[in-house]
Amino acid sequence: MITSLVFFVFAAMETIHGRAGDASANFEIAVFLLIAGGLLLWRARWSAKRAVRLASAGTSTAGVVAGMAKTWFQGWGDDGPPLYALRFTYHDQHGRAHRGKALCAQTDAFQWRTGDRGLVRYDLEHPGRSVWIGQGLQHNAAREAGLQPASERRAPSPAAEIAQPLPGRLVARSSYLRSAVLPVVLGILLGLLALVLRSNPNASVAVEIPLLVLSLAHLLSGVTGIVQGVRQVRSWSRLLRDGALAEATVTAVGEQARFFFRPMPNAVMMTSWTIEYRYSDGSGRSRHGTSDVTRSEAVALRPGDTVAIKYDRDAPAHGRPEEASVWIGKLADRPSPPNGSSY
């Protein structure tokens, strides 16, 4: 509908200049877009009203998560976290199977694993229409139990048998090092372009100087990221060598976006994954930790999973959580909920 306004303006301009044919064509396009946009808005409003009605008055049944994937539209930055389509199956009152889809934020979608059961409400007259309620972790006793901080004094623990990540894996986890690649590559390319222009006697100095400045700025940004990443990897290596081993419980799995060259319209976005977890130190105090992870590691984790970590015994309990511990690897999935407990 907003686009239709642009064509209305074009139609008005063509009319002013006496080009009736072009004005008519732009007017027809504007009317078509206006009608199409209005129909889409009406359908979205109708779907939203139906979802609200089903959520409050629909027939309840158990749904099973069948999978999830990113949606084609992603609301990064000011528009919110990335959106995922959570797909589920359920059976109506006659035992017939149906499929449904719920759009939710990535952090909400990652509270569920394929095969988990959650509350679904559907329309008795049209069983194919449904809405995912789920209820979340707070209504699941089995998951609540799994979210309690794991104690390192539980013995014997499988954490002692898990292999520690190699230096290459630590480098792959570091968001600083991954983010430094793009500025360094752009800095080198811009620097080479400036050198090529400098060798051309007809090139303007007014073009060469901005290119060199941009090249140095990108290289400086990349080098800063590399220094921070190297410091981070060294800190993780020290914790792996000298830290105390413990089990932790994952509390959140999140995907963040980092934009380069904002607020320019051609800003480049890079994503990184982090996990948050809780663990108990040697004194029995509950601590909070956070760590960068690769995408392949993150998609296999859910809140409630048990992971192995190493932490700094001498770090203050309320210090920076990303520096006091390091994540080693996954030990076990969260406890499976008994039938019916998820709703």
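The values are calculated or read from the model by the stated rules, or taken from the named source; none is laboratory data. Values in this document were obtained by computation on a predicted structure and should not be read as measured data. As a convention, Cβ positions derive from the backbone with ideal geometry for all residues, glycine included, and neighbour counts pool all protein chains shown. These area figures cover heavy atoms from the full protein model, side chains too; ligands, DNA and RNA do not enter into them. Shrake-Rupley method; radii C 1.70, N 1.55, O 1.52, S 1.80 Å.
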Tell me the volume per residue, in Å³, of the convex hull enclosing the alpha carbons of the stretch 16-77. 186
Go through 45-58, 27-40 and give me the packing order, highest mean Cβ count within 10 Å leading. 27-40, 45-58
Tell me, what % of the accessible area of the stretch 1-91 is carbon and sulfur with a 1.4 angstrom probe? 68
Any residue on another chain or 5+ positions along whose placed amide H is under 5 Å from the amide H of residue 291 is listed here as 275
Spelling out what I want: for every residue of the stretch 95-111, take phi, set θ = phi - 60°, compute 6.51 cos²θ - 1.76 cosθ + 1.60 (Karplus), and round to whole Hz; glycine and proline get x. x, 7, 7, 9, 10, x, 9, 10, 8, 8, 5, 4, 5, 6, 4, 7, 7
Loop trypsin sites (Lys or Arg not before Pro), the stretch 91-135, which have at most 13 other Cβ atoms in a 10 Å radius of their Cβ (DSSP): 96
In terms of modelled amide H atoms, which long-range or inter-chain residues lie less than 5 Å from the amide H of residue 68? 87
